[in-house]
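*Asks:* Sharing a structure with you now.
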Amino acid sequence: MSMDVTKAIEPRSDQINADDFLSGPETVKIESVEIKSTPEQPVWIHLVGKKGKPFKPSKTALRCLALVWGPDASKWAGLSMTLYNDPDVTWAGMRVGGIRISHMEGVTEPRTLMLTKTRGKKAATVIKPLKVDSSPDADDTKVQDAARESAKKGKAAFTDWWKSVDGNARDAVKPIMDELKRLSDEADAT
């Protein structure tokens, strides 16, 4: 029997951070973008299914977004990208890890961006194409798969998943609630 500890190692934070990707990269869809008047982390990207925890991109990640999708962040809603934890990201001269973007929707072939790494030094950042299933049921299928996976982990895991998603995701799951209840009951019985 598999015992996934991913939920137990999630960092407590008011935003998405690099530790959220310790178990691997994740493809996310942008719900909306806010520009705040603060000098630190002025861009807040709200992601589908991540209520209350915005992605506040670093300058490197923000430059990738602006160079690939354009500087008008109001046009980013509905687009997808893959985020991952890059352990080589430095802050104040120390390797602390950080969130980077590996794939973006709308890129047709790998794109190399020369971005500032440290003062006076640039480094190549490669953004790869992200193939997004554009069929009308693609998002519903992904949501249903995520619901099934959380239900396999038990009622508590499914309840946590349910609380983390919006009404559209819940609507997509309603047709399979009986199946989810059965899977959840089976997981609790083991």
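*Asks:* Restricting attention to the range 167-190, which residues are of a type in the set (D, E, K, R), modelled with pLDDT under 75 and surrounded by fewer than 13 Cβ atoms within 10 Å (Cβ to Cβ)?
*Replies:* So in the range 167-190, the residues of a type in the set (D, E, K, R) come out as 170-171, 174, 178-179, 181-182, 185-186, 188.
Those left that are additionally modelled with pLDDT under 75: 170-171, 174, 178-179, 181-182.
Across the range 167-190, the qualifying residues are Asp171, Lys174, Asp178, Arg182.
*Asks:* A further question on this structure: For the condition surrounded by 14 or more Cβ atoms within 10 Å (Cβ to Cβ), small (Gly, Ala, Ser), outside any helix (DSSP H, G or I) and on the phi < 0 side of the Ramachandran plot, what is the one hit in Ala77, Ala124, Ala157? Working first, answer last.
*Replies:* Details: Ala124 fails: surrounded by 14 or more Cβ atoms within 10 Å (Cβ to Cβ); Ala157 fails: outside any helix (DSSP H, G or I).
Testing whether each residue is surrounded by 14 or more Cβ atoms within 10 Å (Cβ to Cβ), small (Gly, Ala, Ser), outside any helix (DSSP H, G or I) and on the phi < 0 side of the Ramachandran plot leaves just Ala77.
*Asks:* Continuing with the same structure: Is the range 81-96 home to any residue that is at pLDDT below 90, exposed (fewer than 15 other Cβ atoms within 10 Å of the Cβ), under 26 Å from Ala146 (Cβ atoms) and of a type in the set (D, E, K, R)?
*Replies:* no
*Asks:* Kindly establish whether Pro57 is outside any strand (DSSP E or B) and under 16 Å from the mean Cα position of the chain (by Cα).
*Replies:* Values: outside any strand (DSSP E or B): yes; under 16 Å from the mean Cα position of the chain (by Cα): yes.
In short, yes.
*Asks:* Does Glu34 satisfy the criteria of being in a strand (DSSP E or B), out of contact with any Asp or Glu (no Cβ under 8 Å at 6 or more places or on another chain) and more than 21 Å from Asp140 (Cα to Cα)? Talk me through it step by step, then tell me what you get.
*Replies:* Numbers: in a strand (DSSP E or B): yes; out of contact with any Asp or Glu (no Cβ under 8 Å at 6 or more places or on another chain): yes; more than 21 Å from Asp140 (Cα to Cα): yes.
Yes.
*Asks:* Sticking with this one: Which one of the conditions (1) in contact (Cβ under 8 Å) with a residue 60 or more places away in the chain; (2) more than 16 Å from the chain's Cα centre (by Cα); (3) under 18 Å from Leu22 (Cα atoms) does Thr125 fail to meet, given that it meets all the rest?
*Replies:* (3)
*Asks:* Considering the range 108-121 alone, what residues qualify as being within 23 Å of the chain's Cα centre (by Cα) and surrounded by fewer than 11 Cβ atoms within 10 Å (Cβ to Cβ)?
*Replies:* Thr108, Glu109, Pro110, Thr112
The values are calculated or read from the model by the stated rules, or taken from the named source; none is laboratory data. These figures come from a predicted structure and were not determined experimentally. Every residue, glycine among them, receives a Cβ derived from its backbone with ideal geometry; neighbour counts consider all protein chains shown.
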